Amino acid sequence: MAGDTMMRRTFDSALFRGKVALVTGAASGIGAGTARAFADLGAHVIIQDIDTRQLEQRAKEIGRDCQTITAIGGDLSACGTADVVFDQALAAHNRVDFLVNNAGRSWGVTTDAITMDQTNELMELNFNSVLWLSKRFIAHGREHGEGGSIIQISSTAGIAGFQRRAVYCATKFGVIGLTKVLALDHARDNIRVNAILPHVVETDMFRAVATPLDASTWRAGIPMGRFAQVEDVANLAMFLCSPAASYLTGGLYPVDGGAMAGSFGGEA
């Protein structure tokens, strides 16, 4: 893959040797691409997802090149699952150096159609699981004294409103607030916390739900004229976890082709 080639040319292939990365929502899309990137750079990788069948397939694919790959199933929208996942991660390697909170879900709904059940599910998955996994990671990082890096996958929907995404936007705004406070609270524990804000990423899920008109409309509003690839997000995550980003914490990093820079009316 072109993204793999760029990864190896950009970063030292042994950059994360001996380190352990936990990536949630890693059976496909951004999570899978990020897990692959960690593996390419020598890390032991733990991948988590609710879709255990696809997760096992992803583990086989990544495991061909990874020192070790561990797959952990579980529904992070269910109360208590975050603790179980982190316990299993520690049982596999006795340490976690990088946490990527990527698992999440979105749905569009008008205000009058918002339901309690859907709202609670989205809050549990998109926000609460991020909080509980971050809490466990921070306690672990302070205990072993070596710190670590948390990457929260928020969204440009965490800094701008999107129609019919009231609850989704609320969860992603919440993740950004959480990122900033955790960064402040634990900077002197050598634990860095940053948020990546993808805009439109060309994943199988996006291709399945977006009509040609939807895709054309979204693309027209992006100054660079293309959607992000999963490698665009993964490359930024690798940088933020690397020693080159050792002075960066509490930051928000849109991966949007310039879409959040301001109003864009197409070519002149």
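Given the conditions (1) modelled with pLDDT under 95; (2) farther than 27 Å from Arg9 by Cβ, and given that Val201 satisfies all but one, which numbered condition is not satisfied?
Of everything listed in (1) modelled with pLDDT under 95; (2) farther than 27 Å from Arg9 by Cβ, Val201 misses just condition (2).
Taking the conditions exactly as written (part of a helix (DSSP H, G or I) and either of a type in the set (Lys, Arg) or surrounded by 14 or more Cβ atoms within 10 Å (Cβ to Cβ) (or both)), does Leu125 satisfy them or not?
Judged against the criteria, Leu125 is a match.
Can you find, within the stretch 22-49, the residue that is surrounded by the fewest Cβ atoms within 10 Å (Cβ to Cβ) among those that are farther than 14 Å from Gly73 by Cα and charged (D, E, K, R)?
That would be Asp40.
Is one or more of the residues making up the stretch 164-185 among the basic types (Lys, Arg) and without any contact (Cβ under 8 Å) to a residue 40 or more places away in the chain?
So far as the stretch 164-185 goes, no, none of its residues is among the basic types (Lys, Arg) and without any contact (Cβ under 8 Å) to a residue 40 or more places away in the chain.
Can you find even one residue in the stretch 168-178 that is in contact with a helix residue (DSSP H, G or I) (Cβ under 6 Å, 6 or more places away or on another chain), modelled with pLDDT of 95 or more, buried (at least 18 other Cβ atoms within 10 Å of the Cβ) and more than 27 Å from Thr111 (Cβ to Cβ)?
No, the conditions are met nowhere in the stretch 168-178.
Looking at Thr156, Thr203, which is the one that is in contact with a Pro (Cβ under 6 Å, 6 or more places away or on another chain), closer than 21 Å to Ile30 by Cβ and in contact (Cβ under 8 Å) with a residue 60 or more places away in the chain?
None of the other options fit; the residue is Thr156.
Looking only at the stretch 10-18, decide whether some residue is touching a Gly at 6+ places or on another chain (Cβ under 7 Å), farther than 25 Å from His199 by Cβ and crowded, with 24+ Cβ neighbours inside 10 Å.
Yes: the stretch 10-18 contains one or more residues that are touching a Gly at 6+ places or on another chain (Cβ under 7 Å), farther than 25 Å from His199 by Cβ and crowded, with 24+ Cβ neighbours inside 10 Å.
Looking at the stretch 94-117 only, could you name the residues that are outside any loop (DSSP other than H, G, I, E, B), more than 21 Å from Val130 (Cβ to Cβ) and in contact (Cβ under 8 Å) with a residue 24 or more places away in the chain?
The one that is outside any loop (DSSP other than H, G, I, E, B), more than 21 Å from Val130 (Cβ to Cβ) and in contact (Cβ under 8 Å) with a residue 24 or more places away in the chain: Thr111.
Among the residues of the stretch 97-121, write down those that are buried (at least 22 other Cβ atoms within 10 Å of the Cβ) and closer than 22 Å to Ser28 by Cβ.
Phe98, Leu99, Val100, Asn101, Asn102, Ala103, Gly104
What's the number of the only condition in (1) in contact with a helix residue (DSSP H, G or I) (Cβ under 9 Å, 6 or more places away or on another chain); (2) over 14 Å from Ser134 (Cα atoms); (3) at pLDDT 95 or above; (4) part of a helix (DSSP H, G or I) that Gln48 fails to meet?
Exception for Gln48: condition (4).
Go through (1) surrounded by fewer than 21 Cβ atoms within 10 Å (Cβ to Cβ); (2) within 15 Å of the chain's Cα centre (by Cα) for Gly221 and report which single condition fails.
Condition (2) is where Gly221 drops out.
The values are calculated or read from the model by the stated rules, or taken from the named source; none is laboratory data. On a predicted model such as this, the values are computed, not experimentally measured, just so you know. All Cβ positions, glycine included, derive from the backbone under ideal geometry; neighbour counts span all protein chains shown.
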